[in-house]
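Q: Take a look at this one; I'll ask things after.
The values are calculated or read from the model by the stated rules, or taken from the named source; none is laboratory data. Small disclaimer: the values here were computed from a predicted structure and weren't measured. Ideal geometry is used to build each Cβ from the backbone, glycine not excepted, and the neighbour counts take in all protein chains shown. Please note that ligands, DNA and RNA were not included when accessible areas were found on the heavy atoms of the full protein model with its side chains. Shrake-Rupley method; radii C 1.70, N 1.55, O 1.52, S 1.80 Å.
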Number of protein chains: 2
Amino acid sequence: MKHESRAPFSSAEYQRRLVKTRAAMAERGIDVLFVEDPSNMAWLTGYDGWSFYVHQGVLIFHDADPVWWGRGQDANGALRTVWMGEENVRGYADNFVQSTERHAMQDLAELIRARGYGTKRVGVEMENYYFSAKAYVTLLAELPDADLVDATALVNWQRTVKSDDEIGFMRKAARISEKIVDGIIERVEPGLPKNELVAEIMRDALRGVDDDWGDYASIVPLLPSGTDAAAPHLTWDGKPFETGAATFYEIAGCYRRYHAPFCRTVFLGKPPDHILRAEAALVEGLEAGLEAARAGNRACDVANALAAPLERAGIERGARAGYPIGLSYPPDWGERTISFRAEDETVLEPGMTFHFMPGLWMENWGLEITESILIRSDGAAETLCHRPRKLFVKD
Amino acid sequence: MKHESRAPFSSAEYQRRLVKTRAAMAERGIDVLFVEDPSNMAWLTGYDGWSFYVHQGVLIFHDADPVWWGRGQDANGALRTVWMGEENVRGYADNFVQSTERHAMQDLAELIRARGYGTKRVGVEMENYYFSAKAYVTLLAELPDADLVDATALVNWQRTVKSDDEIGFMRKAARISEKIVDGIIERVEPGLPKNELVAEIMRDALRGVDDDWGDYASIVPLLPSGTDAAAPHLTWDGKPFETGAATFYEIAGCYRRYHAPFCRTVFLGKPPDHILRAEAALVEGLEAGLEAARAGNRACDVANALAAPLERAGIERGARAGYPIGLSYPPDWGERTISFRAEDETVLEPGMTFHFMPGLWMENWGLEITESILIRSDGAAETLCHRPRKLFVKD
C-alpha cells in the first residue's frame, strides 16, 4: 500500500540534511551509518512515533536512500511518516523484542551484510540513549569483518544550524511556552495542589495556540518548591503550594517535536533578600549572556559573561549554562553537542538555537529564569519567548 | 543537611528487595552491581526524578547500603528521595555531562575502585536504556582488572511479584485509568481536534482521583485512527476526529510511578463487519486468556488461549500479547522480563501483574481492547480496571 508522506519538511530540506550528513561520514571514512537516536532518525527521514523503547534506526548510505529499520509492527508507522518508499522500510520479527535468547542487532547485522557492508566501516552512535551496551556487543559479534567506528553526535552536529522552516516551528513552540507560563502565573496560589497545576500546564501545552497544535515535550514539567528547588529534576506530588516559597517552572512548548524551553520562577508571598539579590544578579547575567551570544563569539563567551555578575553576588554555578535545542524525543530536549561552559570554544553561527539555562540550584533554594535563543547574523541573540525576565511575585 | 526520606515504601520493604537482589547477585557470583535502569534505581532506593538523561545509577553491595551515584546537581534530588543517608549519595562534576572529552563512567570507575571492587566481578545492565555502548566501553577501559558481567534484568526479575503495597498503588493507578477512558468515551466526537482530546486525557491523568494525585505515565497517549490504527505507536496531530473510523486509545493511569495500562477502542459511526468480527474474536480471546492467566500456568498458556479464537476468525497476530507492569520510567511502562508469547514458559505466580495486551494492528485498521491483570493465588486473573470489555460505538 502506498502512503502519502507526512514528513514535516520539504524533500529539498531532507536532501540537504542527507548531503551534510554524508559529507561528515566521508570525513571520517564511514561507509554506512546506523542512527538509533530518535531525534536524528526524525531529522533525516521524518519518522515519528513512540517506538524508541525497542531497537530501531536508520541506515544512511552514500549512494542510496536511507533505510528505516525497526520492529515489524512499527513499519506501519514508518510507512506513514518517512519520506522514503515502502522498499526502504524494513521490519524485524516480534520475537526479537525483549527476548532473552535473541537480539534485534542480529537482524540489523544481516541487513548490513546483505547490503554489502559486512566488511566496511560502519558508524554507530556509541553514546546515545537506546543504543545499549548489548546492542554494541551483539553487532560487534555479528559483524566480525566490519570496522565499527564511533559516530556519536555526528548527525547531531549537522543539526546545530536551523533552517528557516525549523526556526518557524520553534517560534510556534515559543508561543505555546508563553501560554503555559502565563497560565502558571495566573493560576498558582497557596493551597492549590501541585498536580492540579501540572494538569493545567499539560492541557495548555497540548491545546497549543490557534491552529498550532501542541506536541508532547521531551521532558515533563519540573516544578520543585522552596528547599526542594535545590534539586533541578524533581517532578511533582499532590501537596498544596505554600506561602513563603519560590517554585521554578521548567517547561517547553513543543510543535511537531521542536521545543522552546522556557523557565520562570514564582514566589508566593514576600521574597527574602537573598532571593532578590540572586534575581538581580541572574537577570544581569542573562542580559550580559544575550549580548555575548552572537555569531563569531564562542560558547564559553556566553558562560563567562553570565558568570561575572553572579560571582560578584557571591554565587558560583557549577553547571553548564545552556545547550542547543530543536527537534527532540524523550528523555532530553537538548541536542547534546555544544555546552555553554568555560571549556567549550565552539564558535556560534547564525541560525543556532540554544536554551540559555543558568539555573541556580543552591543548598536549600533554587531560581530559574531562562531563555530560548536564536543566534542572529548580526547583534545580540534573539529570545524566542517574550515575557518579563524576572522573578514573579504573588503576594 | 538532613532530609526526611520520602521514599514511598517502608524500610522493611526496601530491605526485602535488597535481600532478593543480593541473593540473585550471589547466584551469579556478582560482587557489586551497577544499576542504571531508573525503574530499578527507584525500586531499590526510592530515587525519583527526571534525571535519567545523564548517566546515573545505584551501586548494590553485599555488605553495605546502596550508593546513589549521579550528576552533582541531582544529588540534591537524591538526598530528598532515597532512604539512604547523605554519606551514600555521591555526585560527579558537571563537566562530565555530555562532554566530548570525558565520560561519567570514569568517575564511576574511580568510585568502584575506591570501594575495593576494582578487581572484582561487577554486574552491569548490558541491555538497558541509558547504559550506552560508550558507557560500557569506558567502564571496561577504566576497570582493566575487574570482570564486567552482564546483569541485564537481574533486578527486573526480582520485581515480578508485587507486594501488597505495590498492588495498592496499582489499584490507585487503575482508578485513574478508568477515569481517563470514561473521559475519552464521553468527549470524543466527529470534528474534535485530536490534540484537544489528548489535552483532556492528560488533565484527567494528572488530576488523579480524589486524593490520589496523578503522576506522568512512561508513555504518552497513543491514539491512531482509521487506517493509521495499523500503526501501534503513532501519537497525535491537530486533525479532527472523523465519522466512520475506529480510534484505539492506549493510556495508563500512573500513581507514584506505578502504572495500570488500559486500552479501549471507540468507533464513530457504524462499524464495518470485519471490525465487529474482530471485536468478538478478541473479546473471546481475552476471556480465554484471563482464564489461563492463573498461578501455575505458563506465560505461553495465556498467549495460546488468546490465539485460538483469533485464529478461528482468521486473525494472526505476530506480536506478543502482554508483558509485566508496575513501577516504570520512560520510555516504556513494561518491566522487560516475561512476555506472553508462545515460546515463553515462565510459570505465573500470585502477585505478578501484567498488561494483557493483544492489540490487533492489521494492514489498514487496528483494534485494542486490553486489561491490566493480577495473578491470584486461586482462579483466573483479576482485572485491575472495571469497564466493559468491548468496542465502544458512538453513532
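Q: Just checking, which of B:Pro330, B:Pro240 is in contact (Cβ under 8 Å) with a residue 40 or more places away in the chain, within 14 Å of chain A (Cβ to nearest Cβ) and surrounded by fewer than 19 Cβ atoms within 10 Å (Cβ to Cβ)?
A: Among B:Pro330, B:Pro240, only B:Pro240 is in contact (Cβ under 8 Å) with a residue 40 or more places away in the chain, within 14 Å of chain A (Cβ to nearest Cβ) and surrounded by fewer than 19 Cβ atoms within 10 Å (Cβ to Cβ).
Q: Return yes when B:Tyr249 is open to solvent by 10 Å² or more (accessible area, probe 1.4 Å) and of a type in the set (Phe, Trp, Tyr) and no when it is not.
A: Answer is no for this residue.
Q: Could you grab me the full set of residues in region B:297-326 that are closer than 20 Å to B:Ala381 by Cα, away from chain A (no Cβ under 14 Å) and either assigned to a strand (DSSP E or B) or not hydrophobic (A, V, I, L, M, F, W, C) (or both)?
A: Within region B:297-326, B:Asn297, B:Arg298, B:Asp301, B:Asn304, B:Pro309, B:Gly326 qualify.
Q: Among the residues of region B:341-359, which ones are of a type in the set (A, V, I, L, M, F, W, C) and either under 21 Å from B:His259 (Cβ atoms) or open to solvent by less than 30 Å² (accessible area, probe 1.4 Å) (or both)?
A: Hits for region B:341-359 are B:Leu348, B:Met352, B:Phe354, B:Phe356, B:Met357.
Q: Here's another thing I want to ask about it. Taking region B:67-81 as the search range and keeping residues that are closer than 13 Å to B:Leu111 by Cβ and under 23 Å from the mean Cα position of the chain (by Cα), which one is nearest to the other protein chains (Cβ to nearest Cβ)?
A: If we take residues in region B:67-81 being closer than 13 Å to B:Leu111 by Cβ and under 23 Å from the mean Cα position of the chain (by Cα), then B:Gly70 is nearest to the other protein chains (Cβ to nearest Cβ).
Q: Condition first: at negative phi and modelled with pLDDT under 95. Can you find one or more residues in region B:323-336 that meet it?
A: No.
Q: OK, next. Condition first: part of a helix (DSSP H, G or I) and either within 11 Å of chain A (Cβ to nearest Cβ) or among the aliphatic types (A, V, I, L, M) (or both). Now tell me which residues in region B:128-153 satisfy that.
A: Hits for region B:128-153 are B:Ala133, B:Lys134, B:Ala135, B:Tyr136, B:Val137, B:Thr138, B:Leu139, B:Leu140, B:Ala141.
Q: Among the residues of region A:227-234, are any under 28 Å from A:Asp48 (Cβ atoms) and surrounded by fewer than 22 Cβ atoms within 10 Å (Cβ to Cβ)?
A: Scanning region A:227-234 turns up no residue that is under 28 Å from A:Asp48 (Cβ atoms) and surrounded by fewer than 22 Cβ atoms within 10 Å (Cβ to Cβ).
Q: If you don't mind, another one. Take the residues in region B:154-168 that are part of a helix (DSSP H, G or I) and touching a residue at least 60 places away in the same chain (Cβ under 8 Å); name whichever of them is surrounded by the fewest Cβ atoms within 10 Å (Cβ to Cβ).
A: Only one residue fits best here, namely B:Asp165.
Q: Sticking with this one: Output yes when any residue across region A:12-29 is crowded, with 16+ Cβ neighbours inside 10 Å and in contact with an Asp or Glu (Cβ under 6 Å, 6 or more places away or on another chain), and no when none is.
A: Scanning region A:12-29, I find no residue that is crowded, with 16+ Cβ neighbours inside 10 Å and in contact with an Asp or Glu (Cβ under 6 Å, 6 or more places away or on another chain), so the answer is no.
Condition check ((1) among the aromatic types (Phe, Trp, Tyr); (2) open to solvent by less than 10 Å² (accessible area, probe 1.4 Å); (3) modelled with pLDDT of 95 or more; (4) closer than 27 Å to A:Thr160 by Cα) across all residues:
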| position | (1), (2), (3), (4) |
| --- | --- |
| A:Ser39 | no, yes, yes, yes |
| A:Gln56 | no, yes, yes, yes |
| A:Ala64 | no, no, yes, yes |
| A:Gly70 | no, yes, yes, yes |
| A:Phe96 | yes, no, no, no |
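Q: Inside region A:104-125, can you point out the residues that are surrounded by fewer than 22 Cβ atoms within 10 Å (Cβ to Cβ) and either at the interface with chain B (Cβ under 10 Å from one of its Cβ atoms) or in a loop (DSSP other than H, G, I, E, B) (or both)?
A: A:Arg115, A:Gly116, A:Tyr117, A:Gly118, A:Thr119, A:Lys120
Q: Kindly check whether there is at least one residue in region B:370-393 that is surrounded by fewer than 20 Cβ atoms within 10 Å (Cβ to Cβ) and modelled with pLDDT under 95.
A: no
Q: Checking A:Thr337 against (1) of a type outside the set (Phe, Trp, Tyr); (2) within 16 Å of the chain's Cα centre (by Cα); (3) more than 9 Å from chain B (Cβ to nearest Cβ), which test does it fail?
A: (3)
Q: Okay, moving on. Every residue in region B:169-221 that is farther than 24 Å from B:Gly334 by Cα, part of a helix (DSSP H, G or I) and either open to solvent by 10 Å² or more (accessible area, probe 1.4 Å) or outside the structural domain of B:Trp236 (by TED's automatic domain parsing) (or both), please.
A: Selection gives B:Ile185, B:Glu186, B:Arg187, B:Lys194, B:Glu196, B:Glu200.
Q: State whether one or more residues within region A:360-369 are open to solvent by 10 Å² or more (accessible area, probe 1.4 Å) and among the β-branched types (Val, Ile, Thr).
A: Scanning region A:360-369 turns up no residue that is open to solvent by 10 Å² or more (accessible area, probe 1.4 Å) and among the β-branched types (Val, Ile, Thr).
Q: A:Glu189 - would you say it is acidic (Asp, Glu) and within 14 Å of another protein chain (Cβ to nearest Cβ)?
A: No, not satisfied.
Q: Where in region B:1-85 are there helices (runs of 4 or more DSSP H), lying fully within it, with 1 or more residues that are farther than 27 Å from A:Pro331 by Cα and without any contact (Cβ under 8 Å) to a residue 60 or more places away in the chain?
A: The helices (runs of 4 or more DSSP H) meeting that bar are B:11-27.
Quick grid of which residues meet (1) under 30 Å from B:Trp50 (Cβ atoms); (2) touching a Leu at 6+ places or on another chain (Cβ under 6 Å):
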{"position": "B:Glu311", "(1), (2)": "no, no"}
{"position": "B:Ile325", "(1), (2)": "yes, no"}
{"position": "B:Asp344", "(1), (2)": "no, no"}
{"position": "B:Gly351", "(1), (2)": "yes, no"}
{"position": "B:His355", "(1), (2)": "yes, no"}
{"position": "B:Pro358", "(1), (2)": "no, yes"}
{"position": "B:Met362", "(1), (2)": "no, no"}
{"position": "B:Ile369", "(1), (2)": "no, yes"}
{"position": "B:Ser372", "(1), (2)": "yes, yes"}
